[in-house]
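K.L.:
Sending over a structure as structure tokens; questions will come in a sec.
The values are calculated or read from the model by the stated rules, or taken from the named source; none is laboratory data. Since the structure is predicted, the reported quantities are computational estimates derived from the model, not experimental observations. Here the Cβ positions follow ideal geometry from the backbone for every residue, glycine too, while neighbour counts run over all protein chains shown. Please note that ligands, DNA and RNA were not included when accessible areas were found on the heavy atoms of the full protein model with its side chains. Shrake-Rupley method; radii C 1.70, N 1.55, O 1.52, S 1.80 Å.
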Amino acid sequence: MLGAIMGDIVGSPYEFDHNNYKYKDFPLFSEKSQFTDDTVMTVAVAKGLIEGRGDPDRTFEEVRREMRYWGNAYPHAGYGGMFCRWLRVRDPQPYNSFGNGSAMRVAAAGWLFDTLEKTLEMAKVTAEVTHNHPEGIKGAQATAAAIFLARTGHSKPEIRQYVEENFGYDLSRSCDEIRPGYHHVETCQQTVPEAIIAFLESTDFEDALRNAVSLGGDSDTLACITGGIAEAFYGMPEELKRETLSRLPGDLLDAYELFLDEAWEKVAALQG
């Protein structure tokens, strides 16, 4: 999950770069690098999944409660307009979104459950709290599935085949083919495949993030999705972990530690 958070932070300075920065040679961290709504909601969903204990109805309620709590605790993190309204209303309901928010916040679902089937079920629940459009659900499930497969030892060709066959995304393109015409778009349909391709084409964890940011567009969310998968596949260098954690306030750090406590066996296995 920390890989997703780092992706958000690394991509944040370039999200609204009107010069359309599309290069891999950039500083991973700068004074402009900061967490956004992607990190806040990733933490919120993780806590909701932990409290839900695998029960779909309970998880739906807990994810909704945590998202509203953290969203209102960090009201200026960069949420979209519909989500801002959802945070404020008395009785929040799903609003049929297919935005990429369902995919950027789902990383914990790829770690907390022991089967792919349960991972897919819980990813669907986390999406449906707001993003109950089929494409919103699909984006969350594809991302969580890729993380689950990556952390359980599957190869890149296996991950590619599973995602293409089960979700219909075209993963045959290269980053070089995507980059020239890609622009800021916030749908799952035009974010999740590109983020997965950035991972598939990478040589290590850092290279995956550089691939994602270099595509342009909604760079923090692209790198958030890519980073979650890349961490599960490669692990994450200790110096990058330390730098990422140093940029989080205490309450987000505490929530991340809670996630580690729940997922420690799986994280320990990845770290050897």
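K.L.:
Take the alpha carbon atoms of region 126-185, find their radius of gyration, then divide it by 2.2 N^0.38 Å using N residues; give the quotient.
P.N.:
Computed over Cα atoms of region 126-185, the ratio equals 1.27.
K.L.:
Per residue, how big is the convex hull of region 161-272 when only Cα atoms are used? Give it in Å³.
P.N.:
128
K.L.:
Same structure again: For the chain, with all protein chains present and a 1.4 Å probe, just round the carbon and sulfur fraction of the accessible area to a whole percent. Please list the in-between numbers first.
P.N.:
On the way: 5410 of 11190 Å².
After summing per-atom areas, the C and S share lands at 48 percent.
K.L.:
Could you give me the radius of gyration and the Dmax of region 1-120, taking only the C-alpha atoms into account and expressing both in angstrom?
P.N.:
In Å, with Rg to one decimal and Dmax whole: 15.6, 46.
K.L.:
Turning to a different aspect of this structure: For a protection proxy built on the mean count of beta-carbon atoms within 10 angstrom, sort 7-13, 71-77 highest first, please.
P.N.:
7-13, 71-77
K.L.:
Using the Cβ atoms and a cut-off under 9 Å, what net charge is assigned to the surroundings of Ser12, where Lys and Arg are +1 and Asp and Glu are -1?
P.N.:
Residues close to Ser12 contribute a combined charge of -3.
K.L.:
Now for a different question. Cut-off 10 angstrom, C-alpha nodes, Gaussian network model of the chain. Which of Ile225, Ile50, Ile137 fluctuates the most?
P.N.:
Comparing Ile225, Ile50, Ile137 in the GNM, the peak value goes to Ile50.
K.L.:
Using helices alone, I'd like the mean residue ellipticity at 222 nm for the chain: each DSSP H run of four-plus residues gives -39500 (n - 2.57), total over residue count, nearest 500. Mind dumping the intermediate values first?
P.N.:
Numbers: 15 runs with 172 residues, N = 272.
Per the formula, -19500 deg cm²/dmol.
K.L.:
What accessible area per residue comes out for the chain, rounded to a whole number of Å², with a 1.4 Å probe?
P.N.:
41
K.L.:
Can you list residues from other chains, or at least 5 along the same chain, whose modelled amide H is less than 5 Å from the amide H of Thr187?
P.N.:
The answer is Asn100.
K.L.:
Give me Rg/Rg_expected for region 56-97, where Rg uses Cα atoms only and Rg_expected = 2.2 N^0.38 Å with N residues. Could you put the intermediate results ahead of the total?
P.N.:
Numbers: Rg = 10.4 Å, N = 42, 2.2 N^0.38 = 9.1 Å.
Against the empirical 2.2 N^0.38 Å value, I get 1.14 for region 56-97.
K.L.:
Could you tell me what % of all Cα pairs in the chain have separations over 34 Å?
P.N.:
Counting pairs separated by more than 34 Å, the tail of P(r) holds 8 percent.
K.L.:
Please report, in debye to the nearest 20, how large the charge dipole of the chain is about its Cα centre when each Lys and Arg carries +1 at its beta carbon and each Asp and Glu carries -1 there.
P.N.:
Here the size comes out at about 460 debye.
K.L.:
In addition: In the chain, which helices (entire DSSP H runs) extend 24 Å or more along their own long axis, judged by Cα positions, while averaging at least -1.0 on the Kyte-Doolittle scale?
P.N.:
134-151, 250-271
K.L.:
Compute, for region 178-272, the length of the dipole vector about the Cα centre, with Cβ point charges of +1 (Lys, Arg) and -1 (Asp, Glu) only. Units Debye, rounded to 20. Walk me through the intermediate numbers first.
P.N.:
On the way: 6 positive and 18 negative charges, 64 e Å.
It comes to approximately 300 debye.
K.L.:
Projected onto the charge dipole of the chain (+1 at Lys/Arg Cβ, -1 at Asp/Glu Cβ, origin at the Cα centre), which of Leu209, Ser33, Val129 gives the Cα projection farthest towards the positive end?
P.N.:
Comparing the listed Cα positions along the dipole, Val129 ranks first.
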